[in-house]
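Laboratory data are not the source of any read-out in this text; all were calculated from the coordinates shown. Here the structure is a predicted model, which is why all the values come from computation and not from measurement. Cβ placement follows ideal geometry from the backbone for every residue including glycine, while neighbour counts extend to all protein chains displayed.
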Amino acid sequence: MTDLVTAREELMAVAIGQLGELLDRMDTLALKLDASQLALTLVSTELAEQVIAYETRMAGITENAKLKAVQYIALRADEMARGTMDAQTRAMEEAARTVFRNEVGPALQRVTVPLQHVADLARKGARAWEWWLLHAATAVLSSAISWAMAAWLWLR
């Protein structure tokens, strides 16, 4: 039995030795865990600072994007307003032409035809003296020829 006791004691001694090594490793692990916790705390603080800086940059980028979007929308709205205004102007001009052609044109035609007739009469009336002058010239010439023939016949 001595072998058994000795083997048992030997196993106990090895187990105690391994337990000591395990405790040493646990102490080392505890130190490493404390160091890791401290490093994680520092990294967490740095990460929080970086997140704050990132949020600040993102806020700036977002504001810039909003500004650009508003400028783009304003530009497009202005272009559309100009296009709409040009289209309305063209439509109004076409409507005015149509109204003039369909409504005002015939009315002016009805007014201008009698006025042109009156103007023609006025022109003819203004030249009435030309007709009288022609008749007077014909009468004077025929009278002169008659006097000349009568004088020629009388002198012969």
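The long axis of helix 2-99 is offset from the longest Cα principal axis of the chain by roughly 10 degrees.
Placing pseudo-labels 7 Å out from each Cα toward the beta carbon at residue 76 and residue 19 gives an inter-label distance of 7.8 nm.
Listed by chain and number, the aspartates and glutamates placed with their C-alpha closer than 17 angstrom to that of residue 68 are 78, 79; residues fewer than eight positions away on the same chain are left out.
For the chain, the longest principal axis of the alpha carbon atoms and the long axis of helix 105-126 meet at an angle near 30°. Would you mind counting up the charge near residue 97? Only other residues with Cβ under 15 Å from its Cβ, with Lys and Arg at +1 and Asp and Glu at -1. Around residue 97, the surrounding residues sum to -1. Between the helical axis of 128-155 and the dominant principal axis of the chain, each derived from Cα atoms, what acute angle in degrees is found, rounded to the nearest 10? Roughly 30 degrees between the two axes. When the helices of the chain are scored as -39500 (n - 2.57) per DSSP H run of n ≥ 4 and the total is divided over every residue, the value at 222 nm lands at -35500 deg cm²/dmol. Placing dummy labels 7 Å off each Cα toward the beta-carbon, the span from residue 12 to residue 118 is 14.8 nm. For residue 32 and residue 55, the FRET efficiency from 1/(1 + (r/R0)^6), where r spans their Cβ atoms and R0 equals 41 Å, is about 0.75.
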